[in-house]
Amino acid sequence: MSVKKAVITAAGKGSRMKYITSVLPKALLPLFKAEDGKIVMRPIIDLIIESLHAASVEKFCIVVGKHGKLLMDYLFEREVTFVFQKEPKGFGDAVLKAEDFAGSDPFFVHADDGVLTGGYKEAASLFSEIRPEAVLLLREVKNPKRYGVVTVQDKGIYMNHKLFKVLEAEEKPENPKSNIAISAVYILTPKVFRALKSITVEEGKELELTYGIQGVINDGGEVYGILLKDEKWLNVGDPASYYEALSRTFTSSST
């Protein structure tokens, strides 16, 4: 079963980039890209959609908030579905808004504040081969307290990448059990919706997608992860990361 659908979450306030995101959505921030022998600047939403399309995704759903008009105008002539998250209640809540779009099909989930230089095809291939409830793209980080972090069981090598079975997923743990973080790119099945809807969130807290992934594991679902090797996460979510991303030219084996 190939993964033909993708949900891109683009409803966040972009508070860490507040000056530019007061006039321009994060998803429209440009990065440098090599194209037809030239260096051009393309909005990150284009790079995300192109990378997913190259991994056989055909249908896209964009989750937007109340400041999403510019993004909707930019994508208006493309065949994409828009759904709305009226209040920013977390990544998991944003994904829930796309439940009708996903239906009974597996789907990619992708945040709008970064793009990988590879790994999409590997994730799609792994999902098609073993049919787990989720495939995560993982990376080693120096500061795991800032991320969703997993504990894993080694399952060998897959397409020249380390393959893991995910045993536990935690969101920004105070005492991380590993330095293996979840990149904001996932393949999920609709079972994640049931898991997310079963979670009671404390007042003032957000519904994180990591909670839903852990819920799937608790229900006996198999979750696998591929450890990124040479691929990079080009991040536009904060000024320091965006500055670093602008020093790179986006090239990908997926595009």
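Side notes on the structure shown:
- Among residues of segment 1-48, those that are closer than 19 Å to SER247 by Cβ, at pLDDT 95 or above and part of a helix (DSSP H, G or I), counted: 2
- Taken over segment 85-111, residues that are under 20 Å from LYS4 (Cβ atoms), out of contact with any strand residue (DSSP E or B) (no Cβ under 7 Å at 6 or more places or on another chain) and among the acidic types (Asp, Glu) amount to 2.
- Comparison of LEU47, LEU31 shows that the only residue that is within 14 Å of the chain's Cα centre (by Cα), surrounded by fewer than 23 Cβ atoms within 10 Å (Cβ to Cβ) and under 29 Å from MET159 (Cα atoms) is LEU47.
- Residue check for ASN175: touching a residue at least 24 places away in the same chain (Cβ under 8 Å) and over 29 Å from VAL57 (Cα atoms): no
- When we screen VAL57, VAL63 for residues that are buried (at least 20 other Cβ atoms within 10 Å of the Cβ), outside any helix (DSSP H, G or I), aliphatic (A, V, I, L, M) and in contact with a helix residue (DSSP H, G or I) (Cβ under 6 Å, 6 or more places away or on another chain), the only hit is VAL63.
- Tally, over segment 140-183, of residues that are more than 23 Å from GLY220 (Cα to Cα), in contact with a helix residue (DSSP H, G or I) (Cβ under 9 Å, 6 or more places away or on another chain) and hydrophobic (A, V, I, L, M, F, W, C): 1
- Restricting the first member to segment 50-74 and to residues that are more than 19 Å from LEU29 (Cα to Cα), and the second to residues that are basic (Lys, Arg) and in a helix (DSSP H, G or I), the beta-carbon pairs closer than 6 Å and six or more apart or on different chains are ALA55/LYS121.
- Among the residues listed as ARG131, ARG146, the single one being closer than 22 Å to ALA27 by Cβ and surrounded by fewer than 18 Cβ atoms within 10 Å (Cβ to Cβ): ARG146
The values are calculated or read from the model by the stated rules, or taken from the named source; none is laboratory data. Here the structure is a predicted model, which means the values were calculated and not measured. Note that we place each Cβ from the backbone using ideal geometry, even for glycine, and neighbour counts take in every protein chain shown.
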